[in-house]
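The next block holds one structure in the form of structure tokens; read it before the comments.
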Amino acid sequence: MQWMTLFQKELLENWRNKKWIWVPLVIILLSIMDPLTTYYLPYIIEATGGMPSGVVIEELPEYAPSEVLLMTLSQLSMLGVLVIVLISMGTISGERKSGVSELVLVKPVSYMNYITAKWVSYLLLVWVSLFLGILVSWYYINILFGTLSFGDFVTTFFFYGIWLTFVVSLTIFYNTLFKSSGLVAFFSILSIMVMSMITKIFHHILDWSPNNITEYIIDTISTGEISKDLILTGIITTALSLTLILLSSQFLKRKEMAG
Amino acid sequence: MTLVTVKNLTKKYGSKIVVNNISFDFGYQKCIALIGPNGAGKTTTLRTLAGLLKPTEGTIQFESSTTNQDIRKWIGYLPQYPAFHSWMTGREFLIYSGKLAKLTKEEATKRAAELLEVVNIAKESQDERISRYSGGMKQRLGIAQAIIHKPKLLILDEPVASLDPIGRREVLGLLEKLKQEITILFSTHILNDAEEVSDELLLLHKGQIIESGSLQELRNKYQTTVMALQVEDEIHDYQTIVANLNHVRNTKIERGTLYITSDNVKKVREAILSLADQERWPITSFSIDQASLEDMFMKVVNN
Amino acid sequence: MLDINWALLAPLLIIQFILVVVALVDLIKASDTNGPKWLWAFIIVLGNILGPVLYFIIGRRKD
């Protein structure tokens with residue numbers, strides 16, 4: 001099957017260029033950095049010479065497990081998203097720039113297969129990395145800060161995965177618009193930032209904007225029940241991702257592969 | 001039987017017309033050379049035929065295909081500067097190309113092994129990463145990936161332009177062998193290459209086909225014979241004399257040799273030889289040559 | 001005064017170590033990089049987490 005051929009090529013490529021090693025490791029590091037540093041903050045302050053004299057801290061604030069989980073997700077939403085955009089910024093644009101797409105797309109290759117094979121291969125990499133990251137973070141939070149249920153872990157992993165799916169889809173989409181991977185990265189990040197600003201400004205209207213997903217995940221964990229908002233945001237984010245992929249394949253089909 | 005029929009093909013980029021209303025067709029088991037100087041529109045024509053570009057106007061018909069059919073499976077294409085997934089080995093890339101063209105894994109593996117031999121990629125390089133290949137090896141691998149699915153038409157864009165003489169010889173030899181089975185359409189700006197392997201020529205100039213036909217047909221049509229004269233003393237003294245002879249059309253001096261074109265070789269030859277005899281010209285060499293394809297091309301372009 | 005539980009910190013250090021090693025091995029094997037190899041070796045070793053990541057994203061040539 002042609003799709004499997006394209007998919008296997010993506011997996012092999014990302015194995016040979018070591019993405020399958022370093023991306024999961026970096027996501028794990030990003031996920032546990034905040035729980036660890038927060039826990040050891042008093043020690044770090046001590047080790048770096050303590051507080052300036054005169055500053056007296058009664059006690060460092062105690063963090064609830066869900067608050068620490070929020071720190072992990074915020075870290076992933078900054079640097080994690082950046083890493084995901086950067087690893088996928090050249091997946092199509094690079095092939096078009098080098099000209100290798102000419103050899104591929106002059107064969108009877110379906111554009112939809114070409115796009116979705118890449119999409120699924122990056123989603124697999126991102127979801128596996130996220131699974132490991134959230135799992136380790138969940139483990140640390142349980143040891144250091146208090147109980148988060150297994151259900152909380154699953155909810156966080158699943159719904160945050162939907163948000164990262166959107167990030168991958170957005171990057172793939174820009175890949176079909178630009179030949180320069182720098183521009184792909186720039187516009188992907190810019191779009192996410194603009195979406196986040198708009199979501200903040202029109203918070204009362206845009207209840208189910210993809211950017212709200214982290215907030216709803218934390219709400220769900222604090223209250224202990226999956227909110228309607230979370231589910232609707234998840235559905236909308238998934239729908240947006242699928243739309244972007246459909247559009248990508250249309251754009252690529254219309255685009256002339258040469259020149 | 002015609003394999004490909006191109007009708008009124010035009011390709012514009014914005015207002016710039018790169019290919020201007022060209023029509024041609026060709027049959028099976030032919031080797032057709034698309035000849036023209038750089039910028040004539042050769043690459044654009046080939047890319048449009050390969051389906052990588054969409055015609056602004058006009059149609060390309062493949063056998064009796066309709067426009068909605070995916071004709072890519074019948075076409076093999078090699079761009080002038082092919083790029084590969086250079087993290088793959090040569091063999092991996094061929095198998096990958098074969099599978100993309102809908103061969104089964106077994107077929108693709110078998111065909112890849114065959115073709116690595118046909119295009120003469122050394123045993124020890126077959127499983128090496130393409131990033132380590134030389135230019136000639138890449139070009140030959142490029143031809144292999146283009147024919148892995150046994151296409152009916154092989155399109156090659158300047159297949160030998162970037163190769164050294166040895167690589168060039170190898171690739172031209174390969175084309176000679178391949179044209180027994182596949183129709184080949186290739187572009188070149190080097191006319192000797194076209195002369196060596198092609199059966200038919202299409203002359204492209206400023207986006208238009210200015211002449212086409214078999215090599216022999218074009219020879220007959222534009223045949224001119226050039227006489228070349230060399231003497232021991234100053235050649236310029238002889239140019240005026242020769243230029244004033246009857247039937248001499250044109251004379252020019254290049255690197256100490258006087259080239260004479262005429263519409264009646266026999267008369268001019270007799271005149272020069274008798275002059276040489278009477279006047280005791282110190283001739284070192286006097287020869288009569290067929291015009292090269294290059295001269296022919298210049299003539300067609302200038303008309 | 002908190003006790004440092006090294007068992008907790010070990011995974012962090014091990015992962016960092018693996019990243020540096022994988023990046024260095026890749027660098028040594030690479031036939032070409034964007035920019036001088038010695039500079040990348042320097043960045044990978046001294047750049048903490050960021051060093052290997054920078055190498056994989058920028059330094060590594062697509063091949």
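Every read-out reported here was derived from the displayed coordinates using simple, explicitly stated rules and does not represent laboratory data. Fair warning: this is a prediction, and the values are worked out from it, not measured in the lab. Cβ sites come from the backbone with ideal geometry, for glycine too, and all protein chains shown count toward neighbours.
Report the gain in length on full extension from A:Arg16 to A:Leu135: 0.36 nm times residue separation, minus Cα-Cα distance, nm rounded to one decimal.
Here the segment from A:Arg16 to A:Leu135 would lengthen by 40.3 nm.
Please arrange A:Phe202, A:Phe173, B:Phe286 by how many other C-beta atoms lie within 10 Å of their C-beta, fewest to most.
A:Phe202, B:Phe286, A:Phe173
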For the Cα atoms of chain C, what angle does the longest principal axis make with the long axis of helix C:6-29, in degrees from 0 to 90, nearest 10? 10
Neighbour-count ranking [beta-carbon atoms within 10 angstrom, fewest first] of A:Thr199, A:Thr48: A:Thr48, A:Thr199
Specify the residue with the greatest mean-square fluctuation among B:Arg129, B:Arg280, B:Arg140, computed from a Gaussian network of chain B linking alpha-carbon atoms under 10 Å apart. B:Arg280
Which whole-number percent gives the relative contact order of chain A, counting Cα pairs below 8 Å spaced six or more residues apart? 27
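For peptide B:51-57, how many partner chain Cβ atoms fall within 10 Å of a residue's Cβ, on average?
3
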Reference-scaled alpha-carbon Rg (2.2 N^0.38 Å with N residues) for chain C: 1.34
How much mean residue ellipticity at 222 nm does the protein assembly as shown get from its helices, if each DSSP H run of length 4 or more adds -39500 (n - 2.57) and you divide by all residues, to the nearest 500 deg cm²/dmol? -17500 deg cm²/dmol
Flagged links, alpha-carbon separation over 27 Å, of B:Lys110/B:Lys179; A:Lys97/B:Lys177; A:Lys107/A:Lys179; A:Lys179/B:Lys42; B:Lys54/B:Lys177; B:Lys99/B:Lys123: A:Lys97/B:Lys177; B:Lys54/B:Lys177
Peptides ranked, highest mean first, by Cβ atoms within 10 Å: ranges A:5-15, C:12-22, B:192-202: B:192-202, A:5-15, C:12-22
Can you sort C:Tyr55, A:Tyr111 so the residue with the fewest Cβ neighbours within 10 Å comes first? A:Tyr111, C:Tyr55
Percentage, to the nearest whole number, of Cα pairs in the protein assembly as shown over 33 Å apart: 60
Which residue fluctuates the most in chain A, going by a Gaussian network model with Cα springs under 10 Å, if the choices are A:Trp20, A:Trp119, A:Trp127? A:Trp20
Three-way shape call for the range B:172-221 based on the alpha-carbon gyration tensor, with the a/c threshold at 1.5: prolate
Which loop-located GluC sites (Glu not before Pro) does the range B:1-106 contain, where loop means any DSSP state but H, G, I, E or B and the Cβ has at most 16 other Cβ atoms within 10 Å? B:Glu63
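Across peptide A:106-113, how many C-beta atoms of other chains are within 10 Å of each residue C-beta, on average?
The per-residue average across the peptide is 6.
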Distance between Cα centroids, the range C:23-58 to the range B:102-179: provide it in whole Å. 35
Using a simple spin-label model with points 7 Å from Cα along the Cα→Cβ vector, what separation in nm is obtained for C:Ile58 and A:Val194? 2.6
A student applying the Cα gyration tensor rule (rounded when a/c is under 1.5; otherwise prolate if a/b is larger than b/c, oblate if not) would label chain A prolate
Spread of Cα-to-Cα distances over 5 Å intervals beginning at zero, given as percent, for the range B:212-274: 4, 17, 27, 20, 14, 9, 6, 3, 1
Report the Stokes-Einstein translational diffusion coefficient (µm² s⁻¹, integer) for the range B:2-220, Rh taken as the Kirkwood radius over Cα pairs, at 37 °C with viscosity 0.692 mPa s. 185
